[in-house]
Structure formats: C-alpha cells, structure tokens
Amino acid sequence: MTTVRTRIAPSPTGDPHVGTAYIALFNLCFARQHGGQFILRIEDTDQLRSTRESEQQIYDALRWLGIEWDEGPDVGGPHGPYRQSERGAIYRKYSDELVAKGHAFPCFCSAERLEQVRAEQMANKETPRYDGHCMHLDPAEAQRRVAAGESHVVRMKVPSEGVCQVPDMLRGTVEIGWDRMDMQVLMKADGLPTYFLANVVDDHLMGITHVLRGEEWLPSAPKLIKLYEYFGWEQPQLCYMPLLRNPDKSKLSKRKNPTSVTFYERMGFLPQAMLNYIGRMGWSMPDEREKFTLAEMIEHFDINRVSLGGPIFDLEKLSWLNGQWLRELSLEQFAAEVQRWALNPEYLMKIAPHVQQRVETFSQIAPLAGFFFSGALNLDPALFAHKKLDATQVRQVLQLILWKLEALRQWEKERITACITQVAEHLGLKLRDAMPLMFAAITGQASSVSVLDAMEILGPDLTRFRLRNALELLGGASKKETKEWEKLLATLESAPISS
Ligand code: GLU
C-alpha cells in the first residue's frame, strides 16, 4: 500500500495566515491518522511578493501552534529542494515536455494585444480569455522564435467545450464547464512557472497522495486535472476544504478580522487552545466535545466529519475556549505561560530602550507602557478631539492610515512613518497633526513612549486592530464615505512618497 503523503504549499507573501494553519492542521491530521507523512513546500515563484521573512514567519507560526512537518525547506528530506524558487530547471524540463507533446505552446502575444482582445470580448459580453492566436503558429516557426530569444510565455491547451469531472473527497463529483477555462500560462516570460505547473509537478515528484486545499482553488481544478492527464500521471485524491468566514459570513479577511497567527500569539492566546479552535473549523469530535488536544484530534480524525457549511472564525468563541484552557492549567503552568508570552527577555529588550529613560522606578512602567502588554484598549473618545480637524476628518485620517498600513508589506518604523506622512500631506496636514490620533489609538493615552516605535514593536496586526477599534469607536466610515475615501486613497497611491 502506498504511504499517505499530504502537504501544505504556502506562498510566503504576507503574514502567516490563520487559513494556512487551518489547512496545515487538517493535512497533518489526515496524514498522521493514516500513519503517513506531512510535507511543507514553499511556493515562492512570485518573485516580487515572496520574502524569506514571510517564509520564516510561516515556520514560526506553525511551530508555535505545535504543527511539525516531516520534510520541508528547513528540515530537508529526500524529495528536495522544497522551495520552488530552487526548482527552476525541473519546471523547464516539464514545460518543454508538454510543448513537445503538443499539449502546450509558446505564446508571443504582447500585453497590448491581449488587452485589446480582452476589451473586444468584454464589449461582446463574452468571458474574457485567450483567443488561441499563437496556438495556430507553425511549431517549427514558434521554436525558431523561442531559440532567437523572443519574449514569450508557455500556455496550456484546454478543451473548448464539455465538462470536467472533479472528484472531491467532500462533495463527490463536481462538474465544471471547460468553457470557463482559459489557456492558462504555465511558464511566465521570466522563465518561472506559474502555480499550476509548479504545483502539479511538485505534488507528483514529491509523492503527494492526498491534496487537502482551500475551496477557493476548486474553480481551477480542471486545469490541474488536465495537466495530470497530459503528463500521464496518477492524480492525487483531492479535497477542497470549506473557506473560513468572518462572523458576517464573508470570507475571512484582515479588513474585518485579524488573520495573522502572530496576532493571536501577541494577544496572549495559548497555542493549544488556538489549534483546538482551528480544529473546530468545520469539524467536530465524534462526541462533540469542544476542548481537545492535537493528539486527540488525530486519534479521532475522520475527513468525512468535515461539514461544508462555511466555518466561522469568531474571536469571541476563540476567547471563550482559550479561557477554558487557561483555567485548567496549574498555577505554575499559568505563571510560566504568562512569562513565555510577554514577560520574556526578548520582548522586554524590545521595550526597554523606550522605557528606561522615561521612568524613575519600575512601578512607573505599567502606567506608561501597559499598552505593550494589552490587546484591545479601553479607549476614551475624548482623546480623539483634535485642534485642527473635525470629527469626520479625524475618522478620515484614521481610515486612510489604516488602509495604507493594511497594504504595507515590510513592517518597519521608517515605512510606517512614510505611510502616515503620505496620508497627512495628501490631506494638507503635517505628520505631527496625525500623531495625536496615533497616540490615542495605539497607546490609549495622549502621550507615551514613541508611538512609531511602539507600532513597529506591536507589529502589523495589533496595530491595525487598534486603529480599526478606534475608528469603530468613533462611528466607523459610512458607505458613502468609504467610496469617497477609497477614491482619495487611489490618488494617494499614485502620488510619490516623500521620505
Ligand atoms: N501556493 C498555494 C497557496 O498559497 C497553494 C495552494 C494549494 O494547496 O495548491 O495557497
């Protein structure tokens, strides 16, 4: 019997997402339950967006939760390299094979031509997709142009009609029409593969037997299935896990809910409780008990108990469960966990430089800088009264800064400052006009230690969370305001950043 092998394949392009931990947990449980292996592969073919910091954060977040993998970039294994950016030659070989077999073709179309085709299709109310222009080139001629170094991508051929039967472990067979599929780009002009080619090639070469991935990938399943067919490879079993949702049922997104695992660590959740809660996303123990460990989940795991109704990720429920876990710790364990959380040398060393010069006794630390050890703050709306700005402008400044910081990828003091400055200047203000609002939202006080440093230390999620809370306390943004301010944001995006 073949050994069950599952994997997660996160792209290291942002904060370590709760959704990644969720998919990882179910893949881990499935593999362990069958005595199999669980692999971590890093899908970093998007050179612009992938970073090593984000990759490290994924490892840290999963390990914090207690999720371990048998093979991966950092632990090695017999099927490496496990980072797609190090597997370029492999993808080229398989792309060439598809072209040689006539299942894929080089495409030389310019961005302008593609845009024009798209515009015409839209005008005719057709689904925009590639029109097959280069598919009809003489193969020898196409090869000559490739050899001459002409810029091109490689596209896969797809049937133009009929339906693809997608076998899903949870839904049975799902039928998806080929008329909705584009001739997917497999290799980009920069010579790197897209998700589709790299994912199929790697799952095959890494011996993956079962792929449990998020439901958002279901619509693209036909392309993957076709690629397995073109290569003549056995397809792994597919399982599309239900999407996590906000309490209002929308897709879990950081604009509504903190989505980074790091946020929950900073908020002082116990990793075991967090993992327990993630395990309850669409799944339940046979006896419906709410509190269980990873070992218990593995012991009783059954993929058929996954229910497809969108599981809701709710901060309040998570907090309740965490409370249950906390109360069952011994006092010694409780004290040790508190220390590990934020009274550890590493965190105190981050705060020390900002506090040491401002206190005369240790007992002044908590009143001055207690916000470093808090989650949501008890904010006083009076703190947001502003000398120059009326209440609407205050909300506008907070909202624009929040949006800018939601998009900020490298969380460093200089970049945070640049975002705030840019918003302030765009509204005809100075950085120092925006600062009282930052102090109020982030520290809950009119003044404290340097708030820009504090934002860097608190990290992106906690900072955004507090800004969001402040904005909500002041009444949020109406639909009309959101529209207007989004326009303003767009003009701001195109404005140069002054440093
Ligand atoms: N790189 C994809 C992601 O970031 C992997 C999806 C899959 O599991 O195939 O979610």
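Of all residue pairs spaced 6 or more apart or on separate chains, those with beta-carbon atoms under 8 Å, a first member in the range 14-28 that is charged (D, E, K, R) and a second member that is surrounded by fewer than 22 Cβ atoms within 10 Å (Cβ to Cβ) and in a loop (DSSP other than H, G, I, E, B) are ASP15/LYS254. Going by the conditions given, is HIS34 within 26 Å of VAL4 (Cβ to Cβ) and either among the β-branched types (Val, Ile, Thr) or free of Cβ contacts under 8 Å to residues at least 60 places away in the same chain (or both)? Considered against the rule, which asks whether it is within 26 Å of VAL4 (Cβ to Cβ) and either among the β-branched types (Val, Ile, Thr) or free of Cβ contacts under 8 Å to residues at least 60 places away in the same chain (or both), HIS34 comes out as yes. Considering each of GLN356, GLN399 in turn, give the residue that is out of contact with any helix residue (DSSP H, G or I) (no Cβ under 8 Å at 6 or more places or on another chain) and at pLDDT 95 or above. Unique residue meeting the criteria: GLN356.
Pairing each residue of the range 202-213 that is in contact (Cβ under 8 Å) with a residue 12 or more places away in the chain and more than 7 Å from ARG5 (Cβ to Cβ) with any residue that is near the ligand (Cβ under 9 Å from one of its atoms) and acidic (Asp, Glu), provided the two are 6+ apart or on different chains, yields C-beta distances under 9 Å for ASP202/GLU43; VAL211/ASP203. For GLU43, the criteria (1) modelled with pLDDT under 95; (2) under 30 Å from ASP182 (Cα atoms); (3) within 22 Å of the chain's Cα centre (by Cα) hold in every case but one, which is (1). Scanning the range 286-343 for residues that are under 26 Å from LYS256 (Cα atoms), small (Gly, Ala, Ser) and part of a helix (DSSP H, G or I) gives SER319, GLY323. Within the range 186-198, the only residue that satisfies the criterion of being away from the ligand (no atom under 16 Å from the Cβ) and in a strand (DSSP E or B) is MET187.
In the range 60-114, the qualifying residues are those that are of a type in the set (A, V, I, L, M) and more than 30 Å from PRO139 (Cα to Cα), and the one that is surrounded by the fewest Cβ atoms within 10 Å (Cβ to Cβ) is VAL75. Against the definition (among the basic types (Lys, Arg), away from the ligand (no atom under 15 Å from the Cβ), over 16 Å from ARG171 (Cβ atoms) and surrounded by 20 or more Cβ atoms within 10 Å (Cβ to Cβ)), how does ARG245 come out, yes or no? Yes, satisfied. Considering only residues in the range 30-42 that are in contact with a strand residue (DSSP E or B) (Cβ under 9 Å, 6 or more places away or on another chain) and within 29 Å of ASP314 (Cβ to Cβ), the one that is nearest to the ligand (Cβ to nearest atom) turns out to be LEU40. Of all residues in the range 204-214, those being buried (at least 18 other Cβ atoms within 10 Å of the Cβ) and more than 11 Å from the ligand (Cβ to nearest atom) number 3. Residues in the range 474-489: is at least one in contact with a Pro (Cβ under 6 Å, 6 or more places away or on another chain) and either surrounded by fewer than 21 Cβ atoms within 10 Å (Cβ to Cβ) or assigned to a helix (DSSP H, G or I) (or both)? Within the range 474-489, not a single residue is in contact with a Pro (Cβ under 6 Å, 6 or more places away or on another chain) and either surrounded by fewer than 21 Cβ atoms within 10 Å (Cβ to Cβ) or assigned to a helix (DSSP H, G or I) (or both).
The values are calculated or read from the model by the stated rules, or taken from the named source; none is laboratory data. Because the structure is a prediction, the values reported are computed rather than measured. Using ideal geometry, Cβ is built from the backbone for each residue, glycine included, and neighbour counts are taken over all protein chains shown.
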